[in-house]
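Trainee: Submitted below is the structure of interest, expressed as structure tokens.
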Amino acid sequence: MTVIIKECTREDLRQLQQISVETFNDTFKDQNSPENMKAYLEKAFNTKQLEKELSNISSEFYFILFNEELAGYLKVNRNDAQCEKMGDESLEIERIYISSKYQRKGLGKNLFNKAMEIAIRQNKKKIWLGVWEKNVDAINFYKKMGFVQTGAHSFYMGDEEQIDFIMTKTFIEP
Ligand SMILES: CC(C)(COP(=O)(O)OP(=O)(O)OC[C@H]1O[C@@H](n2cnc3c(N)ncnc32)[C@H](O)[C@@H]1OP(=O)(O)O)[C@@H](O)C(=O)NCCC(=O)NCCS
């Protein structure tokens, strides 16, 4: 079994788009209307939007390969690329997605460890993320990784306002 994590470049756009749509769809389609799913997928993962995100110097995308197959991806943001104004001492995990058939094999933990490595290298003091309040599996995973809920913000899925919990892991005492 081999696990490889590699940073994405603009050449990876198509693969990134494909896995972003596939994993988002698999995660949320059962709890959201087809119209809201379609609206969100088109807005978040269109080619122009992903090109913009891939060229933002304050964001990084990583693929995780399991036995050479693309199995998931990670997106982290710092500074102004963060979805909330959390300041320069924070790193955001904006997306961490493992394809259904590769879940519960330790790959999510591998990507989380990658995010920790980046945060420590960049002298950050905490990692934070937003997770849909109804995404119980992900919330349990984050708790296992040492995150605690520190707030909430609203998020639009198509025309539906939803609540995201903000969860934080502080690893350097202030
Ligand atoms: C959430 C997700 C990233 C976790 O990745 P994963 O590869 O399935 O999880 P791992 O196998 O690395 O699990 C790591 C640890 O978390 C625990 N864990 C994972 N999912 C869990 C769950 N649903 N409930 C309880 N514990 C869980 C594992 O038991 C493991 O514990 P251990 O370290 O003691 O062995 C992955 O399941 C996923 O992509 N889900 C769909 C997309 C999603 O919801 N992303 C988050 C959006 S905010």
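The values are calculated or read from the model by the stated rules, or taken from the named source; none is laboratory data. Worth saying up front: this structure is predicted, and the values here are computed from it rather than measured. Backbone-built Cβ (ideal geometry, glycine too); neighbour counts: all protein chains shown. We work out accessible area using only protein heavy atoms, side chains counted, and drop any ligands, DNA or RNA first. Shrake-Rupley method; radii C 1.70, N 1.55, O 1.52, S 1.80 Å.
Trainee: Can you find a residue in segment 31-45 that is aliphatic (A, V, I, L, M), in contact (Cβ under 8 Å) with a residue 60 or more places away in the chain and more than 29 Å from residue 125 (Cα to Cα)?
Mentor: The answer is yes, given that some residue of segment 31-45 is aliphatic (A, V, I, L, M), in contact (Cβ under 8 Å) with a residue 60 or more places away in the chain and more than 29 Å from residue 125 (Cα to Cα).
Trainee: Another question, then. Applying the selection to segment 149-164, what residues are touching a strand residue (DSSP E or B) at 6+ places or on another chain (Cβ under 7 Å) and of a type in the set (Ser, Thr, Tyr)? Don't jump to the end; show me each part of the working.
Mentor: Here is the first cut: in segment 149-164, the ones touching a strand residue (DSSP E or B) at 6+ places or on another chain (Cβ under 7 Å) are 149-155, 161-164.
Result: 150, 154.
Trainee: All but one of (1) open to solvent by less than 60 Å² (accessible area, probe 1.4 Å); (2) in contact with a Gly (Cβ under 8 Å, 6 or more places away or on another chain) hold for residue 93; which doesn't?
Mentor: In the conditions (1) open to solvent by less than 60 Å² (accessible area, probe 1.4 Å); (2) in contact with a Gly (Cβ under 8 Å, 6 or more places away or on another chain), residue 93 misses (2) alone.
Trainee: Can you name the condition, by its number, that residue 168 falls short on among (1) of a type in the set (S, T, N, Q); (2) open to solvent by 30 Å² or more (accessible area, probe 1.4 Å); (3) at pLDDT 95 or above?
Mentor: Here residue 168 meets the rest and fails (2).
Trainee: So, of the residues in segment 114-156 that are away from the ligand (no atom under 15 Å from the Cβ) and among the basic types (Lys, Arg), which turns out to be nearest to the chain's Cα centre (by Cα)?
Mentor: In this case the residue turns out to be 126.
Trainee: In this structure, is residue 32 of a type in the set (S, T, N, Q), open to solvent by less than 60 Å² (accessible area, probe 1.4 Å), out of contact with any helix residue (DSSP H, G or I) (no Cβ under 6 Å at 6 or more places or on another chain) and near the ligand (Cβ under 8 Å from one of its atoms)?
Mentor: On the way: of a type in the set (S, T, N, Q): yes; open to solvent by less than 60 Å² (accessible area, probe 1.4 Å): yes; out of contact with any helix residue (DSSP H, G or I) (no Cβ under 6 Å at 6 or more places or on another chain): yes; near the ligand (Cβ under 8 Å from one of its atoms): no.
Criteria not met by residue 32.
Trainee: Here's something else I'd like to know. Suppose we keep only residues that are touching a Ser or Thr at 6+ places or on another chain (Cβ under 6 Å), in contact (Cβ under 8 Å) with a residue 24 or more places away in the chain and under 22 Å from residue 11 (Cα atoms) within segment 73-98. Which one would you say is farthest from the ligand (Cβ to nearest atom)?
Mentor: The extreme case among them is 81.
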